[in-house]
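Here's the structure, in structure tokens; my notes come after.
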Amino acid sequence: MKNLTMLLAWVLLLGAWALTPGSRTWAQERPVFRVKVDMVVLTFTVTDSKGRYVNGLKPSDFRILEDGIVQKIATFAEGNRPAVQVLADGSTRPLIGSPGGSEDPKGLEGRADALVGTNVFILFDTSNYMYRGFVYASDAIADFIRGLDRADSVAVYTFSRNLSRAAPLTRDRNEAILGLRKAVAGDDAALYNALLLCLRDAAKVPGRKVIVVFSNGPDNASMVAPDDVRAVAEDEGIPIYVISTNEVNKDPISSAVFRRITARTGGRAYFAKTWQKQVEAFESVREDLGNSYTVTYYPAPNPNEGFRKITVEIVSDVAKKYRIRARPGYRPRPAF
Amino acid sequence: MRRIRLVVLGVLASLHPLAGQDVVARARELERRGEAAEARQLLRRAAENAPHDAAVLSAYAEFLDRYRDPAAREVYDKLLGLLNRSDQRSARAATARRLVLLSLMAGDRAGAARYLEAYRAAGGGEWPAGVRLETPPAAEGPYIEIPGPFESFARMAAVSQETPPGELLAALARNVVTNGYQASSGNEALEPTEYMKLLVRYISQARELERFAGAEKVIRVESCESPQAGELLRILGYRMRGACGSEVVLETVNATRAFLTIDSGFPVAELEQALRTNRPFVYEFKPTRVPILYGADYWLGAREKGGGDFIDAYLADPALCRLYLGLSKLDRETADELRKAVPVQRLRAFAHVLDFYGGMFEIRNGRALVPGGARAERAWEELVGVSPSKGAEFFERLISKDDGWLASFFDALARIHGPVKDYLTEPERMKRFYMAVRGRVTSPGPARPVFRANTEMLLLTHRLRLDPDGRPHIPGNLEIWKNLFIKHPHGKYDGRLTRLASTWTQPDDLIEALFALCRKAVENEPLKIFMALSDINRYRSKPLEAATVDRLARKYRDLGAQYSIFNDAPTVSDKTILQFVDATESIDRIRNSALRADTAGTMQALVGIWQILCRQGAIPASEADAALAGLLAPFAEINDAKELFDAGRNGVALLLKAAGVPADQRPQDRLLDLLAGTAQPSDPDAHARLVEEMTRILEAQKLISLNTLFELADHLEALGRGEKLNTALINRIASRIAELQLPRTFLSSVERNAFAFGYWTERHIEAQRRLNLQAAIERAGTDAGRLAEIRGSLAPLLRDTLVGLNYAHYAPPGAQVLYTNPQFVRSHDFLGMQGTNQTWRATDVFGSGWPSNAGGRLVGSLSGLAYALAEAEQNFMVPSREQALIWGDLVPQMILSAKIPRWWNVSPSQMHWVGLHMRYAESLVAEASLDSELRRRVLESLSRLALPARVRRVASALEVFDVREAWNSITPLEAFALAREILESKTGPENLFAAEIRRMAAEAPDRINYQVISRAFGTPKPTLTNSYQPELLYLRTLPTLMGYSSRIMAESWESNTLYWAALADEMHLPPAQLNLLIPEWTRQTVERIFATHLEDWPAVLRSLRNVGEDIRLRARKEMLVDQKASLE
């Protein structure tokens, strides 16, 4: 892996050299494009045949494959517990408190504190479509924020035609609720535009992150298609949860989109028309966050520059009936 | 790199101190070479090393002054101290004089008064002795009270919270008029909209809260258990869940009330927190005092039914609001005269006319000022029926005449100046043109709709051109226009005009007909044709020939959107223009729709690149015509995809050749270089970044490079000669094709067919996906014919890459759509939906907002690509304020103005020249506060671009020495124009700015003049001038207009680039950096606009200045770091 990193560094350096002042000539070439291989963060849940979460599994219980190539897990975490480093022999040791951090996994993403808790981005639809249920939705989101694990961080974004960053990512619940309560009702709904911008922000944050969308579905202003936004979420490894305040059958297109987008990113869609159902949906999202596993790995050499299929397998025989919910794969980003 | 140079320079300066005079000379030399940062460093060092050297201090202070550095005051002050100890009285007076002005600009009146004393003590006697600079006591005018805090009311009323309190009622009035009421379904009465219902409910809730707050006007809840908590929560629509303490949570109990609570910004989260921690909650809840024109009684007197609070009456009466809005647009003197002379009920009846067309009314000394001045007064008297000498009576009659047509004519003429105004206000002609506008039936008037309906008249008066003989410019000749009206290609324009056309003998006859058409509610095609062809001629040294004009006029409906292309290369010949028309007709005849789309796309993409390269000067004017003719030639007859591919490839070769690129270069790389700006950029790093941004976009769109496509085409030819198959090359293309995914939709095929949406574009992508090159080549073997067919199969791929290069060039900052939707370029629909023909129409954004589709896409030609891309991107802007308005029409134009011009060939001197003009203007404004004669001239100059009400505001501010307020009311364009006018008159103050401006212009007259500056720092105006050429037209900001919303207003806003240029000059940035910085600064400006309505350009100005101030602060911090580094 280190060799690959060095190679990439050289490619970048050569590209930069080629563009320095004075070296420009007509014959000069554009810098070569290569695939940039970042650390992959993979979050998934394991449930039994009755849909109950399965907890207590260990790194050695899992096998992660990318296009069929077995990957070496770098870190492992369950729920909001601190991540542990997975050593070559399969044993683990705590990341937090490791002296000097010199043996931590490489890079910023590998910092111990980056893997504690979840960065939850809430995307709240304040368009005209939500006008009637605006205040109840606000209450339900406030409850959700209060109920998040202490280790989690939360950001509150709202949208109608444009996105508004009501509260930046914070561990201070009051600050987040303050931002939430400042939201104003808007006009058109550009859900997928806003979701894309939210994903772009989330992608910049190291560690585990999810997006929880609270909307009733219709979109009358987005320029980007749900599937393109889904692809970004998939590539960035960010599960999307959607709580729709609409009934499934009221808007079958939006419902189908929500199902597809959430399933493909490892999240879930809830159709919760009543306030009580919305509270239950938020509770379920919280449970999901608390009962999921997060592993990180640096992908093994793979010539595939397109979509790489991820498979999570449980090694032990007992667990063969378990169901795993994870994103199906990702596309490595092009690097310059 | 620059920082290192500065540090080295600093070290050298400290090691080898130069004599004072040498330093000054050296610094001037550096500055002249465009190395202002180095000059600054040198002077600073010298001033530190020789603090008693007056020459050095003076040079340093003047240097800082020229670059608008606030530190100039401090250095001048030191200099004054030094001079005080000498006998140089005149130098002392000059320094003190400058300090007076700088202090006024900084808003420091006490400092200004102090320096004024010093100035007089040194013998300065320029300003009258009676000038006193104390702050006058603020005179409090009438006001009303609105329940609750300003911010809450503003949120609920959809008014920007940055609105000054004095303008709140006018802003509210506009919202009430446009959004407050709608036609009722049952009867003729208006019924309140949801906006109005919520606002009224909010006021009711605010009153309850005021009562709760008691006499102290403070909402106080001592603890969670206190009885006030329950009562407050009831008013707010909430209740507590959980026991008092950390468990307590507020939840909605009354959704209507809770909505108002949240939407008005009541601090419900803080209340909840106080209850949870059992601490007192204290919130000041005072009513808002809002200044009101003439007092509430005046307005309440206008109502048919009296009584109630002013705010309730105001909200309930849109006509009253409109009157308030109309009167608030007049300057105070004029409004006062009208108010005194005309009963309020009568004014109210014509409030809509006053609102739209009253902004240019002016009464001075009881006389109405009319367009055309004294010469036209008699004609106005005849038209209105009252002499302009009876000011108020004249305007009263004007607004009541002909349903507003005469007022709108007055407005259209009053807004312009110069020879066209003289031509149009020639008394007989003016009356004749008005009678044409008025027609026989005046209803409906132009002030009835939501937007002003005299759009075409404004366009005609603003864009009419006169020939050197003083007659209007008529493209071609009068016969062509007569024939157009008589034998019109698409049906009659107007029966009466068609009959009259045969009698036309003079250009005035045609202009009269165009005025007559201005009153039509439908699209005014002849005027548009006239303007488009006049604009083509405006840029050409030789006007279009009559036959060309005739052909273009008749093809306008189909091809009008394409005509702006010719304005980027005024040397293009009539023959080539006609060749373009022929090519479009030939393409339209292609029966195979896929081939037709590919041919149109390829041709338009090549012409688009040609247009960009001509605009940027990469293709010299002498080569432009031949290049266009050459690339168009094969498109005269395209029979199959092979020919199309060859035509595309030939076009690329011609473009590169015309730009001087040797034939052996790789086409894609060189085209990217050229599209980024210039072949030999002055700042290679900045250039490389632009190229990289474009490359990223092409990668995100998964487009195949021209290099690969042409290499493959050559290889196919070689295979025919028996060469060996290059598998690596084939695989490279195959893998890229394999990445193409069809856009996934959630519609069934039946539904999709029913909508017919995306049918053609999906076919285009599907055809590419089916392309199996390897198999096709294997099947073809060495058969040259079959291999040529495979070359033809590359034509759609070539089209996409060429189209992609256009997209990449115009990509707005952020370019979220281009980075996210990998099919965006390929989805460009050159045909349009079935049954329509969009091929040559302006680019349009289509299909946004359907979760079920494959995302928005662009439809039509590439002629409006820059605008359409900006339009698609505007909803990805993230406003900094929760309620800010991202403003359709204005924002795309702002983005377009930041993307189309490039500044590679701009010199630091040109940028500094703009900066000096701004500085000179600011200085003039400051001096005008002390010198009444100069004030008169400044205001006179300002009145050519600003509306009378604003000129009056500036005058009032200057009268009380509030220079900052005056300066903040002036736009950068107005400031630049003011400096220019005073300089050209050679009667203004001769200070260091004027001297430097003249010196620079004299030293390089061909590079530093107003024409060059117009080209460098102007804005493109595709709607107003049919051209993407950046230029300054010195336009008065136009209002929103029917049919164009705020697009024309946005194009008339010419201030941004001038402002950025002056800012970059202050920070000593190299002009090439503007290519990267202006798009980014523009994005920040858009995100910080906090506007109330579509004509709220003061909000744009505020945002521009706020962003500029932030940039300045950051740059000064960096300069301090540089200084520190050089010291160390």
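Since every read-out is calculated from the coordinates, none of them should be taken as a lab result. Just so it is clear, the model here is predicted, and its values are computed rather than measured. Heads up, the Cβs are rebuilt from the backbone with ideal geometry, glycines too, and the neighbour counts pull from every protein chain shown.
Tabulated data
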quantity: P(r) tail fraction, segment A:170-227 - alpha-carbon pairs more than 14 Å apart, %; calculated: 67 percent
quantity: Orphan Cys of chain B, criterion: no other Cys C-beta under 4.7 Å; calculated: B:Cys321, B:Cys518, B:Cys614
quantity: Considering only the protein assembly as shown, percent of DSSP beta bridges that pair antiparallel, nearest 5; calculated: 70 percent
quantity: Amide hydrogen neighbours beyond the local backbone of A:Ala155, cut-off 5 Å, H modeled; calculated: A:Val120, A:Phe121, A:Ile122, A:Thr170
quantity: Shape call, the protein assembly as shown: gyration tensor on alpha carbons, a/c limit 1.5; calculated: rounded
quantity: Using a Förster distance of 22 Å, the FRET efficiency for B:Gln665-B:Arg721 (Cβ separation, nearest 0.05); calculated: 0.35
quantity: Calculated [θ] (222 nm, deg cm²/dmol) that DSSP helices of n ≥ 4 give over chain B, each run adding -39,500 (n - 2.57); calculated: -18000 deg cm²/dmol
quantity: Rel. contact order, % - alpha carbon contacts under 8 angstrom, at least six apart, segment B:832-878; calculated: 36 percent
quantity: Average partner coverage of A:225-235, which counts Cβ from other chains inside 10 Å; calculated: 5
quantity: Interchain or long-range residues, amide H under 5 Å from B:Thr1092's placed H; calculated: B:Ser160
quantity: DSSP bridge orientation in chain B - percent antiparallel, rounded to nearest 5; calculated: 90 percent
quantity: In nm, spacing of pseudo-spin labels at B:Arg132 and B:Arg589 (7 Å Cα→C-beta vector); calculated: 8.6 nm
quantity: Mean separation of Cα contacts under 8 Å, 6 or more apart, over the residue count of chain B: relative contact order %; calculated: 10 percent
quantity: Convex hull (Cα only) mean projected area of segment B:131-206, reported in nm² to one decimal; calculated: 7.6 nm²
quantity: Contact order normalised by residue count of segment B:971-1128, Cα under 8 Å, 6+ apart, percent; calculated: 16 percent
quantity: Where a label projected 7 Å from the Cα of B:Asn477 along Cα→Cβ would reach, residues of segment B:539-555 with amide N under 11 Å; calculated: B:546-547
quantity: Simple label model, 7 Å out from Cα along Cβ direction - B:Glu222 to B:Arg496, nm; calculated: 8.0 nm
quantity: Expected-Rg normalisation [2.2 N^0.38 Å, Cα atoms] applied to segment B:20-177; calculated: 1.54
quantity: Alpha carbon convex hull of segment B:649-725, volume per residue in cubic angstrom; calculated: 107 Å³
quantity: Taking the C-alpha atoms of segment B:936-1039, convex hull volume expressed per residue in Å³; calculated: 113 Å³
quantity: Equivalent ellipsoid, segment A:170-299 (semi-axes from 5 times Cα gyration tensor eigenvalues, Å); calculated: 22, 19, 17
quantity: Cα shape, segment A:225-311, gyration tensor, a/c 1.5 rule; calculated: oblate
quantity: Out-of-range pairs (alpha-carbon distance over 23 Å; input A:Lys309/B:Lys702; B:Lys421/B:Lys528; B:Lys482/B:Lys1021; A:Lys182/B:Lys1117); calculated: B:Lys482/B:Lys1021; A:Lys182/B:Lys1117
quantity: Estimated distance in nm for a label pair at A:Arg146 and A:Asp187, the labels positioned 7 Å out from Cα along Cα-to-Cβ; calculated: 3.6 nm
quantity: Calculated P(r) tail over 54 Å for chain B, as whole % of Cα pairs; calculated: 29 percent
quantity: Computed E for B:Ser622/B:Arg964 - FRET, C-beta separation, R0 56 angstrom, nearest 0.05; calculated: 0.65
quantity: Contour excess over end-to-end distance, with Cα ends at B:Arg378 and B:Glu48 and 0.36 nm allotted per residue; calculated: 112.0 nm
quantity: Cut-off under 5 Å, modelled amide H: who pairs with A:Tyr241 long-range; calculated: A:Ile211, A:Val212, A:Val213, A:Arg268
quantity: Contour excess over end-to-end distance, with Cα ends at B:Ser932 and B:Glu990 and 0.36 nm allotted per residue; calculated: 19.2 nm
quantity: B:Arg332-B:Met435 FRET efficiency (beta carbon distance; Förster radius 35 Å; 0.05 resolution); calculated: 0.55
quantity: Directionally averaged projected area (convex hull, Cα atoms, segment B:407-463), nm²; calculated: 3.9 nm²
quantity: Whole-Å distance, taken between Cα centres, linking segment B:64-106 and segment B:233-309; calculated: 53 Å
quantity: Label zone at B:Val282 (point 7 Å along Cα-to-Cβ), backbone N below 20 Å, segment B:219-238; calculated: B:219-230, B:232-233
